[in-house]
1. Once label points are set 7 Å from the Cα along Cα→Cβ at both Ala135 and Ser221, what is their separation, rounded to one decimal in nm?
2. Bin width 10 Å, alpha-carbon pairs only: give the P(r) of region 26-171 as whole percents, running from 0 to the bin holding the largest distance.
3. Where does the charge balance sit around Gly150 when Lys and Arg score +1, Asp and Glu -1, over other residues with C-beta under 13 Å from its C-beta?
4. At q = 0.15, 0.24, 0.29, 0.30 Å⁻¹, what is the base-10 log of I(q)/I(0) for region 114-175 according to the Debye formula with one equal point scatterer per Cα and no solvent? Please give it to two decimals.
5. Per residue and in cubic angstrom, what volume does the convex hull of the Cα atoms of region 113-218 have?
6. Could you list which residues have their amide H under 5 Å from that of Phe137, counting only those 5 or more apart in sequence or on another chain, with H placed in the peptide plane?
7. Over region 148-192, with the other protein chains present, what is the accessible area per residue in square angstrom, probe 1.4 angstrom?
8. Going Cα to Cα from Lys156, which lysines come in below 21 Å? Please leave out same-chain ones fewer than 8 positions away.
Amino acid sequence: MVDTPPPSRFRGLPPHVQTASFWLDDSGSRGSAHKGFVIAGIKTRHPDDLQRSLQVVREHHGYEGELKFNAITERNLPRFHAIIDVLEGSDAHLLGAVLDAHRWNPFRGKEHWVGQATVVSQLVCTAMNANEVGAVFMDGISTPLGVSMGALVKRKINSQLRGQRATSVVSLDSKTNDLMQVADLVAGSIRYQRFDPAGPLGDSPKSRFALRLGAAFGVGSFDDRQARRIRIQTLTAEPTHVPRHRKSGSSRA
């Protein structure tokens, strides 16, 4: 008699479930949200492919420093335009949560890390498809000893979505990761265009970068919008219900 192996205790995810990664950074001052505060970045299901393509840009331009929005100048603009070309050709989506304290300030009366967790979780919840689970990578901020920002954001996401949809949430040093630096470029572009007086109409290198980034994703500005590869929303209150999700069987994010 042939012994039959016991059934496996571990089962894979259903074939229709996709895994996404979210790379988020902020731009602006939490203490003065009336001047504009943005948490933004990218969503991708193929982060390693995107990371490798960004490394090719670095190698081509012989650049080892940070890719920061505030570092964009006329001289280095071609390097940053090459990054836009990489993003356009990838599966990345642009994500942004915009705060204007005249409408709502989640930091008022709270520890800054609590307000930050509220915004990050709300952004991820509205950007996650119904058939997805995801990992979140965000720029690290200071929290009290014994307080895990990642654990707090994960609880908030899974509570809002009523399930274990966020598999992990990790704080990173953006100086060490190209995808985090891309998130800085997205956040900086949105804030610059939305809140800087010269942002929408100026001809500065930063203005041109922001306009080209938007055009690469099919939009003329970073106003609130929900399009195929871009989602930007001005937050006005803490969520009171579970967001309605898009259904997508596509392999694209």
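1. Each label point lies 7 Å from its Cα, and together they span 3.8 nm.
2. 10, 34, 34, 20, 2
3. Charge balance near Gly150 sits at +2.
4. -0.41, -0.99, -1.35, -1.42
5. Working: hull volume 13.9 nm³, N = 106.
Considering the Cα atoms of region 113-218, their hull volume per residue is 132 Å³.
6. Here Phe22, Trp23, Leu24, Val170 satisfy the definition.
7. On a per-residue basis, region 148-192 sits at 40 Å².
8. Counting by Cα, and skipping residues close in sequence, Lys156 has these lysines nearby: Lys43, Lys110.
The values are calculated or read from the model by the stated rules, or taken from the named source; none is laboratory data. The structure presented is a predicted model; accordingly, all values stated were derived computationally and were not measured. As a convention, Cβ positions derive from the backbone with ideal geometry for all residues, glycine included, and neighbour counts pool all protein chains shown. Side chains included, ligands, DNA and RNA excluded: accessible areas come from the protein's heavy atoms. Shrake-Rupley method; radii C 1.70, N 1.55, O 1.52, S 1.80 Å.
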